[in-house]
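Heads up, the thing below is written out as structure tokens.
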Amino acid sequence: MAITKSYVTLDQLDRKRAYRNIHTTVRLLHKWEYINFKKDNELLGMNLLLLDENNNTIQGTMHHSLLSKFGNTLCEGNLIEISNFIVQDCNKSYKVSDHKFMLRITETTKIHSVEQQIYQIPKENFCFQSYDAFVKSVDMTIDLFDAIGYIKHIEKTDVRSKATHALRRVTLTLMLEGGIEIPATLWAEQAEQFEDKYRAVENNNIVLIMTSILVKIYQGAIYLSASSSTKFYFNQDFASVVAFRQSLKFYGECNVNLGRMAVQDKRLGEEEHHSINDIWDFVSSDDQHVIERKFVCKATITEIVLRNDWNYISCSSCSKKLEKKASSLICVNKKCGKSPAVGVLRFRIEVIVEDRHDSANFVIFDKDATKLTGTTAESIKNNSDEEGMEGLPTCVKSIIGSTHLFEIHVKDYDFKSTYKSFTVSEILNQSKASSEEVNNNSKREASFEDTNNDQRKKPRI
């Protein structure tokens, strides 16, 4: 005897109930991979956003081992019937649906395609926010929202270096409903996906929908950032797109100044520079696909930070910092493992640098610090008594006011650390400040004599 399956809508799902012979029919709106970025981008599985006939949404999920079994059936936009699934509590953060539960697909789950005419399920369901709502959602990670806007400006940056592959960044200016503009930043794979779709659009009058976005703030300005689940829709024949276009018009004429869309394509070679703002923008971005990148910044040293002194005792073999145990010094580097180790004094100078718009803490190590000061930390120690070593040596003070090209290698650690200081991998030029800057050095150095009265801008930490 055939077993008939009961039908439920998404709002009727309950975590305490088994769904062995119960099915639900939904439209698959979006799907995206979820990846463990800490383990070489290990694929963990697939996430889904599902919509039923009553406009209820729910997030679905399945293990990567099931992709081969269900992959051909799970096509975005299709209607599907799902049975023998599990209902569990939803995630507490980065939610793409307001449903309190999540639908999990298992090995025993059955999924079948359904003819489009049988169920009246909409082809879209977005959670658009106004600019005011975005302001209230800054730095919140509980819910992900959607944005719709007219593309006013695109800036594309292609960064290449000897150590890393090409890294793409796309910065958009979106005009939201009412004519309010807001920037949006896309990195790496998301930026490349955006460009691929952008090239396929012939019309420059583009209305863009971005799904599952984060809202962030930098230097007091609100901007949108793509998440790993963000999707892009260009000039789609959606009711929401038609309504948005109508919102910009008055008696058939455009009520706001759309202007002409500007596209800037910057290909940065090794001889070109970044701003300090580029570094802050990168480490504050949501994208974790790329966790290492090099920046070249032209900046002026304005202050020396003494929280960790200006030197450290290093291993003479590997230059790593030595630890004192009992009466001897031990190298903590496992590859070296000298115990007891011979200690050598080396430079570690933390400085505050500024360009025209921003500031940051850079850490300069022995090789470059020796070139800047014209001496070694060991020489300073040998030529000074214990009292002289307690202050800041004159040769170290002399680097204040000098301008250099700093190469900064941002690594995974910089995303996690609460105190932000960036390690200088190399100073590309050892030239002193320009003549104009040299003339101002005496004025600058006067302000360093009394650090208690220093009211200048401090970097973020």
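The values are calculated or read from the model by the stated rules, or taken from the named source; none is laboratory data. Worth saying up front: this structure is predicted, and the values here are computed from it rather than measured. Neighbour counts are summed over all protein chains in view; Cβ atoms, including those assigned to glycine, are modelled from backbone coordinates with ideal geometry.
Would you pick out the residues in region 207-231 that are modelled with pLDDT of 80 or more and surrounded by fewer than 17 Cβ atoms within 10 Å (Cβ to Cβ)? Let's see the steps before the verdict.
Restricting attention to region 207-231, the residues satisfying the condition of being modelled with pLDDT of 80 or more are 207-217, 221-231.
Correct list: ILE217, ALA221, ILE222.
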Could you please find all residues in region 16-57 being of a type in the set (Lys, Arg) and over 23 Å from CYS127 (Cβ atoms)?
LYS16, ARG17, ARG20, LYS38, LYS39
Would you call ILE111 hydrophobic (A, V, I, L, M, F, W, C) and in contact with a helix residue (DSSP H, G or I) (Cβ under 9 Å, 6 or more places away or on another chain)?
yes
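For (1) under 30 Å from GLU426 (Cα atoms); (2) polar (S, T, N, Q); (3) at pLDDT 95 or above; (4) not assigned by TED's automatic domain parsing to the domain that holds LYS197, each residue gets a yes or a no:
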{"site": "LYS123", "(1), (2), (3), (4)": "no, no, no, yes"}
{"site": "SER137", "(1), (2), (3), (4)": "no, yes, no, no"}
{"site": "ILE148", "(1), (2), (3), (4)": "no, no, yes, no"}
{"site": "ILE154", "(1), (2), (3), (4)": "no, no, no, no"}
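Quick check on region 39-61: of everything there that is acidic (Asp, Glu) and over 26 Å from the mean Cα position of the chain (by Cα), which residue is farthest from SER212 (Cα to Cα)?
Here is the first cut: in region 39-61, the ones acidic (Asp, Glu) are 40, 42, 52-53.
Subsequent filtering for residues that are over 26 Å from the mean Cα position of the chain (by Cα) retains 52-53.
On the way: ASP52: 19, GLU53: 22 Å.
Selected residue: GLU53.
Taking the options LYS371, LYS367, LYS381, name whichever one is more than 37 Å from the chain's Cα centre (by Cα), part of a helix (DSSP H, G or I) and modelled with pLDDT of 75 or more.
Values: LYS371 fails: more than 37 Å from the chain's Cα centre (by Cα); LYS367 fails: more than 37 Å from the chain's Cα centre (by Cα).
It is LYS381.
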For the list (1) farther than 17 Å from SER113 by Cβ; (2) touching a Leu at 6+ places or on another chain (Cβ under 8 Å); (3) surrounded by fewer than 18 Cβ atoms within 10 Å (Cβ to Cβ); (4) polar (S, T, N, Q), I need the number of the one condition that SER93 fails.
(2)
Sole exception among (1) among the polar types (S, T, N, Q); (2) in contact with a Ser or Thr (Cβ under 8 Å, 6 or more places away or on another chain); (3) buried (at least 17 other Cβ atoms within 10 Å of the Cβ) for THR173, by number:
(2)
Any residue that is buried (at least 18 other Cβ atoms within 10 Å of the Cβ), within 23 Å of the chain's Cα centre (by Cα) and either of a type in the set (Ser, Thr, Tyr) or modelled with pLDDT under 80 (or both) - is there at least one of those in region 107-114?
no
Total residues in region 164-205, condition assigned to a strand (DSSP E or B), over 30 Å from HIS409 (Cβ atoms) and of a type in the set (D, E, K, R)
1
